[in-house]
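Enquirer: So that we are looking at the same thing, I have put the structure below in structure tokens.
The values are calculated or read from the model by the stated rules, or taken from the named source; none is laboratory data. Since the model is a prediction, treat every value here as computed from it, not as a measurement. Neighbour counts run over all protein chains shown; Cβ positions are idealised from the backbone, glycine included. The protein model used for the area step is the full one, side chains on, heavy atoms only, and it has no ligands, DNA or RNA in it. Shrake-Rupley method; radii C 1.70, N 1.55, O 1.52, S 1.80 Å.
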Amino acid sequence: MAHMEWTSDLDTGIEVIDNQHKRIVDYINELHHAIENSDRDEVGDVINQLIDYTQSHFTFEEEMMEEAGYPFLRAHQRVHGLFIRRVETFKEQFENGEDIARELHTVLKTWLVNHIKHDDADYAELVRQHTGADTAHNRGLFSKLFGR
Ligand code: FEO
């Protein structure tokens with residue numbers, strides 16, 4: 001189990017999305033530290049924060065795709081929904097006292113890298129074209145979803 005580094009092949013070229021993906025990577029690394037420290041409370045907190053933040057990211061991303069007219073929005077939403085269900089199952093197992101943290105950490109890393117490189121990369125060009133001149137709009141959407 002290793003610390004996860006951000007690499008340029010994870011960039012979508014959409015700054016607001018890249019920043020959100022980087023924050024998710026930070027959470028994955030926080031989970032790694034909590035596991036290494038054998039701090040069960042911290043592991044639980046990070047899992048909750050990670051699910052909340054990832055859900056907000058997915059909602060933001062789906063609104064961007066919808067506005068850009070991305071044709072595979074529904075398929076992408078299904079992938080997001082399945083992933084959230086999978087992580088929530090891990091959360092339930094953790095709350096039932098099962099030792100799933102390391103497996104969850106591996107799943108998160110593998111899934112995220114694969115999803116960003118393939119599914120997110122697929123919408124990136126269209127969204128870049130659509131929103132490239134409208135960063136003020138993106139900031140408004142960001143504030144609405146993340147409350148800042
Ligand atoms: Fe950036 Fe589709 O998650």
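Enquirer: Give me the 1.4 Å probe accessible area per residue for the range 1-113, excluding ligands and nucleic acids, in Å².
Expert: Heavy-atom accessible area per residue stands at 52 Å².
Enquirer: What's the longest piece of the chain with no exposed GluC sites (Glu not before Pro), counting a site as exposed if DSSP puts it in a loop and it has at most 12 other beta carbons within 10 Å?
Expert: Counting at most 12 other Cβ atoms within 10 Å as exposed, the longest clean stretch of the chain is 6-97.
Enquirer: Expressed as an acute angle from 0 to 90° and rounded to the nearest 10, what is the orientation of the C-alpha long axis of helix 73-95 relative to the principal long axis of the chain?
Expert: Long axis of 73-95 versus the principal axis of the chain: about 20 degrees.
Enquirer: I would also like to ask the following. What does the helix-only formula give at 222 nm for the chain: each DSSP H stretch with n ≥ 4 adding -39500 (n - 2.57), the total divided by the residues, and the result rounded to the nearest 500 deg cm²/dmol?
Expert: The per-residue figure over the chain is -25500 deg cm²/dmol.
Enquirer: Show 6, 111 ordered by accessible area, largest first, where the area counts protein heavy atoms only and the probe is 1.4 Å.
Expert: 6, 111
Enquirer: Here is a further query. Excluding ligands and nucleic acids, what accessible area in Å² is computed for residue 74 using a 1.4 Å probe, to the nearest 10?
Expert: For residue 74, the solvent-accessible surface is approximately 140 Å².
Enquirer: Please report how many Lys pairs in the chain have alpha carbons closer than 19 angstrom, counting only residues at least 8 apart along the chain or sitting on separate chains.
Expert: Final tally of qualifying lysine pairs is 4.
Enquirer: For the chain, what is the relative contact order in percent, using Cα pairs closer than 8 Å and at least 6 residues apart in sequence?
Expert: The value is 33 percent.
Enquirer: Let me ask you something else. Report, to the nearest 10°, how far helix 40-68 tilts away from the longest principal axis of the Cα atoms in the chain, using its own Cα long axis and a range of 0 to 90°.
Expert: With rounding to tens, the tilt is 10 degrees.
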